[in-house]
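For reference, the structure discussed in these notes is given below.
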Amino acid sequence: MVLIVRFVRTPSRLRASKVVALLLSCAAVVGIYAIWFELSWGWNYARAPLETRVQFYPSRVTPAAAALLRGRAMARMNALAAAAHANAARPLDVDALRAQWLPAVQRAGDDWTPRVGPPKPTVADPFMVATGTSGFINPLTLNVAMASDLLWFERPFDLAHEWSHDAAYAREDEANYLAIVTTLRSPDPAVQYSGWFELFLYLPQKRHYAHREFVPLVWDDFAALRRRNARHINALLAHWSWRTYNAYLKSNRVASGVANYDEVTRLMLGVPFDAQGLPIARQRP
């Protein structure tokens with residue numbers, strides 16, 4: 001930006017001689033950032049998949065199993081809704097969430113202790129709100145940012161998701177998986193509700209749900225999501241933003257692009273859990 005400002009302020013008679021220097025300088029800056037990005041974050045896309053480090057059974061990933069999991073998620077949402085809503089106004093206990101998250105990321109393959117904390121404010125918030133981007137990590141600083149319009153039942157899951165990126169799980173299905181494991185392990189009904197709610201949204205859906213299948217509080221939360229999205233999301237900006245991110249993921253070894261978010265289903269079905277609600281590690285030779 002400084003280089004561009006200096007170029008604009010250069011007398012017009014001298015600009016032609018400085019165009020090449022400006023372009024070369026800009027290319028050098030972009031190159032430095034590209035190298036910084038690759039070293040600090042981008043290489044994580046080459047990490048071996050999570051299912052190579054924990055037990056994974058492809059035979060368990062079936063439409064029938066997905067339907068059963070969807071039914072369980074609905075039942076848990078209904079059972080937890082009243083207690084979760086009673087705690088809705090209480091601030092999220094970040095330390096308690098981290099205590100449930102750390103064993104999950106370490107069981108899944110980290111042999112180090114990632115340092116994570118509360119989300120940081122960001123100047124990108126208006127863009128996040130307008131595009132339906134719930135959160136991101138700055139790949140250069142690894143700070144977590146979350147959209148200001150997240151609803152209370154989205155925040156625990158989304159924070160655990162972004163933390164999982166910080167812990168070097170770059171793929172969206174793996175970050176989703178670790179966020180679900182984290183929230184479902186929590187003793188806090190509001191945090192558990194967050195996990196079951198998000199899991200339900202990622203599972204294959206029926207065409208129609210009878211009103212009796214959810215308690216009124218859950219229907220209210222679905223309606224709150226629709227109202228928020230209708231009020232804040234700019235459809236055109238969101239389309240191009242997600243199209244760009246789709247291309248970014250595909251260029252970084254994630255063949256399914258943004259559909260990778262939904263592939264958390266196969267991890268939830270194919271990976272068994274132990275008594276602590278953690279994925280069972282694969283035995284090393």
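Applying a threshold of 8 Å to beta carbon distances and a minimum spacing of six or more residues, or different chains, the list of pairs starting in segment 196-218 at a residue that is on the phi > 0 side of the Ramachandran plot and small (Gly, Ala, Ser) and ending at one that is at pLDDT 95 or above and surrounded by 10 or more Cβ atoms within 10 Å (Cβ to Cβ) is empty. Scanning segment 65-95 for residues that are out of contact with any Lys or Arg (no Cβ under 7 Å at 6 or more places or on another chain) and closer than 15 Å to residue 179 by Cβ yields 73, 94.
Determine, yes or no, whether residue 218 is modelled with pLDDT of 95 or more and either closer than 23 Å to residue 70 by Cα or in contact with a Lys or Arg (Cβ under 8 Å, 6 or more places away or on another chain) (or both). The answer is yes for residue 218.
Filtering segment 221-278 down to residues that are of a type in the set (A, V, I, L, M, F, W, C) and outside any helix (DSSP H, G or I), which residue is modelled with the lowest pLDDT? In this case the residue turns out to be 254.
When residue 201 is tested against (1) more than 27 Å from residue 140 (Cα to Cα); (2) in contact with a Gly (Cβ under 6 Å, 6 or more places away or on another chain), exactly one condition is not met: (2). Against the condition more than 23 Å from residue 79 (Cβ to Cβ), touching a Leu at 6+ places or on another chain (Cβ under 7 Å) and of a type in the set (Lys, Arg), how does residue 107 come out, does it pass? Spelling it out, residue 107 is indeed more than 23 Å from residue 79 (Cβ to Cβ), touching a Leu at 6+ places or on another chain (Cβ under 7 Å) and of a type in the set (Lys, Arg).
Taken over segment 163-195, the criterion of being buried (at least 22 other Cβ atoms within 10 Å of the Cβ) and in contact with a strand residue (DSSP E or B) (Cβ under 6 Å, 6 or more places away or on another chain) is satisfied by 165 alone.
Of the candidates 172, 154, the single residue that is under 18 Å from residue 128 (Cα atoms), in contact with a helix residue (DSSP H, G or I) (Cβ under 9 Å, 6 or more places away or on another chain), modelled with pLDDT of 95 or more and among the acidic types (Asp, Glu) is 154. Please enumerate the residues belonging to segment 58-117 that are among the polar types (S, T, N, Q), over 20 Å from the mean Cα position of the chain (by Cα) and outside any helix (DSSP H, G or I). Answer for segment 58-117, where residues must be among the polar types (S, T, N, Q), over 20 Å from the mean Cα position of the chain (by Cα) and outside any helix (DSSP H, G or I): 62, 87.
Restricting attention to segment 240-280, the residues that are acidic (Asp, Glu) and free of Cβ contacts under 8 Å to residues at least 24 places away in the same chain add up to 1. Of all residues in segment 214-262, those satisfying the criterion of being closer than 23 Å to residue 128 by Cα and among the acidic types (Asp, Glu) are 221, 262.
Pick from segment 108-128 the residues that are crowded, with 19+ Cβ neighbours inside 10 Å and at pLDDT 90 or above: which of them is nearest to residue 193 (Cα to Cα)? The selected residue is 119. Within segment 119-137, residues that are acidic (Asp, Glu) have Cβ atoms under 6 Å from residues that are surrounded by fewer than 19 Cβ atoms within 10 Å (Cβ to Cβ) in these pairs: 125/148, counting only partners at least 6 apart in sequence or on another chain. Of all residues in segment 159-195, those being more than 20 Å from residue 113 (Cα to Cα) and either in a helix (DSSP H, G or I) or touching a residue at least 24 places away in the same chain (Cβ under 8 Å) (or both) number 11.
The values are calculated or read from the model by the stated rules, or taken from the named source; none is laboratory data. Computed from a predicted model, the values in this text were never measured in an experiment. Every residue, glycine among them, receives a Cβ derived from its backbone with ideal geometry; neighbour counts consider all protein chains shown.
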